[in-house]
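Heads up: the structure comes next, in structure tokens.
The values are calculated or read from the model by the stated rules, or taken from the named source; none is laboratory data. Computed from a predicted model, the values in this text were never measured in an experiment. Cβ placement follows ideal geometry from the backbone for every residue including glycine, while neighbour counts extend to all protein chains displayed. Please note that ligands, DNA and RNA were not included when accessible areas were found on the heavy atoms of the full protein model with its side chains. Shrake-Rupley method; radii C 1.70, N 1.55, O 1.52, S 1.80 Å.
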Amino acid sequence: MSRYFCHEFPEVLTFETRVVDARPGAVVLEQTPFHPGGGGQLADRGILRWNGGEATVTGLEMIAGRLWHLLATPVEASDTVQAVVDPAFRTMMTELHTGTHILNALVYQQFQGALVTGAQLNDDGTARMDFDLPDADNDRLRALEPEINDVIRQDLPLRYAYVPEGDALAERGLIRNRSVAPPPAPDGTVRVVEIVGLDRQACGGTHLASTGASRPVRILKIDNKGRHNRRIRIGLVGPGE
Ligand SMILES: [Zn+2]
């Protein structure tokens, strides 16, 4: 994962920048506030505005290390554009993503280092996480709900570090996904997200500045999806911003 602008400046959602490549209905920007998605997080939504026009960004596509912003209409944008990320959507992704880290941390700590086999955030304020949990009791997993909300109430700060890939692979539990390790940045480092006092893991997503900014989380459903796959669905409770 490269060092995204949205990693360095997560609060900047509107940004004036230059089109560096274009085809009808798609542009590459010099800098972009859009998160491209990945690791279960959905790509940002939003719009591009320019002198005399605007277009909805319908998707983002990484081709040969360059992020193409796909537009709803086959317009040709050039020169300077204003890139605007949908703030409500980003906030919800960020909140949900932070919630999945809290769940993931508690499962890892209380179920013998169980690893993640999959994750998907949804645009309706819910998310699912799959864990390799062959012997866990579903009632014990359901009992994590008040613990998740306790972590939210404790308002633990999040912080970031970039560690060399070799060190990341060597630190037990830092790569939490059983199948997918986040790709290193061009400088060979991996981004590590820490919920201070709770958890440290490699991740390229967006997260809240501290857990207390999250709405409460509910565990909606737990499914057994084969012997090695337990699927936990969570949802944010209450209206968003
Ligand atoms: Zn994350």
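Okay, residues lined up against (1) assigned to a helix (DSSP H, G or I); (2) open to solvent by less than 50 Å² (accessible area, probe 1.4 Å); (3) out of contact with any Pro (no Cβ under 9 Å at 6 or more places or on another chain):
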position: E76; (1), (2), (3): no, no, no
position: Q82; (1), (2), (3): no, no, yes
position: M92; (1), (2), (3): yes, yes, yes
position: T98; (1), (2), (3): yes, yes, yes
position: L103; (1), (2), (3): yes, yes, yes
position: L106; (1), (2), (3): yes, yes, yes
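Among all positions in the range 84-99, there is no residue which is in contact (Cβ under 8 Å) with a residue 12 or more places away in the chain, among the aromatic types (F, W, Y) and within 16 Å of the ligand (Cβ to nearest atom).
Out of all the residues in the range 142-152, which are in contact (Cβ under 8 Å) with a residue 40 or more places away in the chain and either surrounded by fewer than 13 Cβ atoms within 10 Å (Cβ to Cβ) or not basic (K, R) (or both)? Full working, then the answer.
Residues of the range 142-152 that are in contact (Cβ under 8 Å) with a residue 40 or more places away in the chain, as a first pass: 142, 144-145, 147-149, 151-152.
Selection gives L144, E145, E147, I148, N149, V151, I152.
Run down D139, D124, D155, D135 and say which single residue is open to solvent by less than 80 Å² (accessible area, probe 1.4 Å) and over 16 Å from C203 (Cα atoms). Result of the check over D139, D124, D155, D135: D155. The criterion of at least 2 residues that are away from the ligand (no atom under 16 Å from the Cβ) is met, among strands (runs of 3 or more DSSP E) falling completely within the range 167-241, by 217-224, 230-236.
Would a scan of the range 36-43 turn up a residue that is under 13 Å from D86 (Cα atoms), open to solvent by 70 Å² or more (accessible area, probe 1.4 Å) and assigned to a loop (DSSP other than H, G, I, E, B)? So that I can check it myself, show each step before the final result.
Quick first cut of the range 36-43, residues under 13 Å from D86 (Cα atoms) only: 42-43.
Okay, now just the ones that are also open to solvent by 70 Å² or more (accessible area, probe 1.4 Å), so none.
Looking through the range 36-43, none of the residues is under 13 Å from D86 (Cα atoms), open to solvent by 70 Å² or more (accessible area, probe 1.4 Å) and assigned to a loop (DSSP other than H, G, I, E, B).
Screening M62 with (1) part of a strand (DSSP E or B); (2) surrounded by 14 or more Cβ atoms within 10 Å (Cβ to Cβ) gives one miss only, at (2).
In a residue-by-residue description of the range 218-229, the property of being of a type in the set (D, E, K, R) and crowded, with 18+ Cβ neighbours inside 10 Å applies to no position. Residue-level check: of (1) buried (at least 20 other Cβ atoms within 10 Å of the Cβ); (2) more than 21 Å from G37 (Cβ to Cβ); (3) of a type in the set (V, I, T), V190 misses just (2).
Every condition in (1) under 30 Å from A64 (Cβ atoms); (2) not in a strand (DSSP E or B); (3) not hydrophobic (A, V, I, L, M, F, W, C) holds for Y162 except the one numbered (2).
Would you mind stating whether E145 is within 15 Å of the chain's Cα centre (by Cα), outside any loop (DSSP other than H, G, I, E, B) and acidic (D, E)? Spelling it out, it is not the case that E145 is within 15 Å of the chain's Cα centre (by Cα), outside any loop (DSSP other than H, G, I, E, B) and acidic (D, E). If you go through the range 198-217 and keep only what is open to solvent by less than 20 Å² (accessible area, probe 1.4 Å) and among the charged types (D, E, K, R), you end up with just D199.
Looking only at residues that are touching an Asp or Glu at 6+ places or on another chain (Cβ under 6 Å) and not β-branched (V, I, T) in the range 95-140, which one is farthest from I175 (Cα to Cα)? Among residues in the range 95-140 that are touching an Asp or Glu at 6+ places or on another chain (Cβ under 6 Å) and not β-branched (V, I, T), the one farthest from I175 (Cα to Cα) is L106.
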